[in-house]
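Remarks on the structure that follows.
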């Protein structure tokens with residue numbers, strides 16, 4: 001499957017990069033395609049000074065999440081049925097913001113790109129998985145992750161199976177993506193290995209330093225990942241389009257409220273157990 005896909009790479013990349021060239025006035029493009037056991041990375045160099053218009057238009061609508069132990073209402077932190085050392089009862093600092101997908105303007109570049117069949121087919125071919133679907137969650141399907149000075153995103157799994165990470169702006173220092181590929185799988189949370197990582201074991205941890213214009217595709221539901229603390233005055237902007245195996249799935253009401261700041265009727269209507277048996 002990967003061999004067949006490689007032969008189609010120039011055509012598929014051309015479709016993707018055409019959208020980026022039009023949207024961001026790319027000056028210099030260099031293509032790099034790397035196949036790894038944990039995902040795919042594409043690189044294109046362009047003017048870092050050019051920020052996505054979505055962020056320019058909507059900066060006042062970014063929802064920032066800053067948890068501390070006293071105001072957190074996540075039930076797992078106080079679940080007495082779990083041991084105190086259980087990973088689900090491990091508190092970690094989170095300080096980051098989201099520009100929710102429902103706040104994008106109708107002429108949004110990212111919204112347009114996300115809705116193209118060419119991009120959907122491209123991601124499917126990269127992953128060797130079909131069919132896949134655009135995420136039906138109206139808040140999270142193609143949101144921006146924004147991290148200001150001292151921001152940090154702790155170890156976590158995604159609610160969707162597949163995530164794209166498109167670096168729009170890197171910080172002055174820090175903000176490094178770290179991940180433990182395929183540490184869990186359907187029906188197996190692998191809490192023992194997860195706990196090791198949470199306790200500081202770096203054996204399985206890998207790093208990926210994304211540059212502006214880089215596109216990463218990875219299986220975020222099965223890969224434990226985080227972003228290290230951002231340093232300096234320059235915020236970190238990352239767009240995170242998402243794809244799923246189940247077109248019905250959205251975030252749970254609890255997850256949507258905690259991460260995206262609100263709950264919509266669709267989160268209640270579609271609140272159900274996950275078919276893969278994994279927690280969000």
(message) Restricting to segment 147-162, give me the number of residues that are assigned to a strand (DSSP E or B) and surrounded by 22 or more Cβ atoms within 10 Å (Cβ to Cβ).
(response) 3
(request) Please give the number of the condition residue 78 fails out of (1) modelled with pLDDT of 85 or more; (2) over 24 Å from residue 227 (Cα atoms); (3) out of contact with any helix residue (DSSP H, G or I) (no Cβ under 7 Å at 6 or more places or on another chain). (result) (1)
(request) Could you tell me whether any residue of segment 112-125 is more than 16 Å from the chain's Cα centre (by Cα) and either within 17 Å of residue 256 (Cα to Cα) or assigned to a loop (DSSP other than H, G, I, E, B) (or both)? (result) yes
(message) If the requirement is being touching a helix residue (DSSP H, G or I) at 6+ places or on another chain (Cβ under 7 Å) and either under 19 Å from residue 275 (Cα atoms) or modelled with pLDDT of 95 or more (or both), which of these qualifies: 180, 239, 160?
(response) 180
(request) Run residue 210 past the list (1) within 30 Å of residue 102 (Cβ to Cβ); (2) touching a residue at least 60 places away in the same chain (Cβ under 8 Å) and report the number of the one that doesn't hold. (result) (2)
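The values are calculated or read from the model by the stated rules, or taken from the named source; none is laboratory data. Predicted model only: the values in this text are computed from it and were never measured. All Cβ positions, glycine included, derive from the backbone under ideal geometry; neighbour counts span all protein chains shown.
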